[in-house]
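The values are calculated or read from the model by the stated rules, or taken from the named source; none is laboratory data. Here the structure is a predicted model, which is why all the values come from computation and not from measurement. Cβ atoms come from the backbone with ideal geometry, glycine included; neighbour counts cover every protein chain shown. The area values use the complete protein model at the heavy-atom level, side chains included, leaving out ligands, DNA and RNA. Shrake-Rupley method; radii C 1.70, N 1.55, O 1.52, S 1.80 Å.
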Amino acid sequence: MNHICVIEIGNIKKDIIKHISDSIEKEFGLPVKRLKMGIDLIKNTFSVKRNQFLASKIIEKILHYTPTNCLKTLGVLNVDIYTPIFTFIFGQSQFEGKVSLISLYRLKQDFYSLPSNDNLLMERAGKESLHELGHNFGLAHCDNPKCVMHFSNNTIKIDRKEKNFCRSCKKYLRSKIEKE
Ligand SMILES: [Zn+2]
Ligand SMILES: [Zn+2]
């Protein structure tokens, strides 16, 4: 049980899933197993009032269906997700838990009426995946604006971050992974 599972929910471009998986393998030093689930998985998590999907409910669904041999599981989807206290979120995670989630929906330039840019989307998705999985391993938000664990509620802040954990987050992460 030493691998991280990446579950594609609905259809996600192959190169994006590959980039996310490669980033995880590189930064966590653990192998990634890729799985796929249909969009049906989240049909009961939709809020008609908000026209968005409730992230905590999606996480429960993933937790229910993810194979037990996954050390941690990241769900990747392409719908607008929310949590009751925010208008939207890029992702959510169970702190020191097993499951995390990211959405590409608001990471896309198109969402902001800008020309689409697949490379930028890929980079943002990689960073946000590392961020949410970092919470699964017990990492809190980091003050360093270049660290992937820095809190970002807009794409400008995501783009300012580098594609990896800062030295102190990495050190903490290593100690946590060794204990798993
Ligand atoms: Zn966070
Ligand atoms: Zn850091």
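Summary of computed values
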read-out	value
Choice from Gly126, Gly38, Gly91 showing the highest fluctuation, given a GNM over the chain with Cα pairs closer than 10 Å	Gly38
For region 98-162: Kirkwood Rh in Å [reciprocal of mean 1/r, alpha carbons]	12.2 Å
Under 18 Å from the Cα of Lys49 - lysines, other chains or at least 8 residues apart	Lys57
13 Å beta-carbon shell around Thr155, net charge (K/R +1, D/E -1)	+3
The chain: proportion of alpha-carbon pairs further apart than 20 angstrom, %	49 percent
Where no second cysteine Cβ lies under 4.7 Å, the cysteines concerned in the chain	Cys169
Solvent exposure, largest accessible area first (probe 1.4 Å, DNA, RNA and ligands not counted), of Ser103, Ser168	Ser168, Ser103
Cβ-Cβ FRET estimate between Lys43 and Lys13, R0 fixed at 22 Å, reported to 0.05	0.50
Of all DSSP beta bridges in the chain, antiparallel share, percent nearest 5	25 percent
Partner lysines for Lys163 [C-alpha distance under 21 Å; skip if fewer than 8 residues away on the same chain]	Lys13, Lys14, Lys18, Lys26, Lys33, Lys72, Lys108, Lys127, Lys146, Lys171, Lys176
Within the chain: Cβ-based charge dipole about Cα centre, in debye rounded to nearest 20 (Lys, Arg +1; Asp, Glu -1)	140 debye
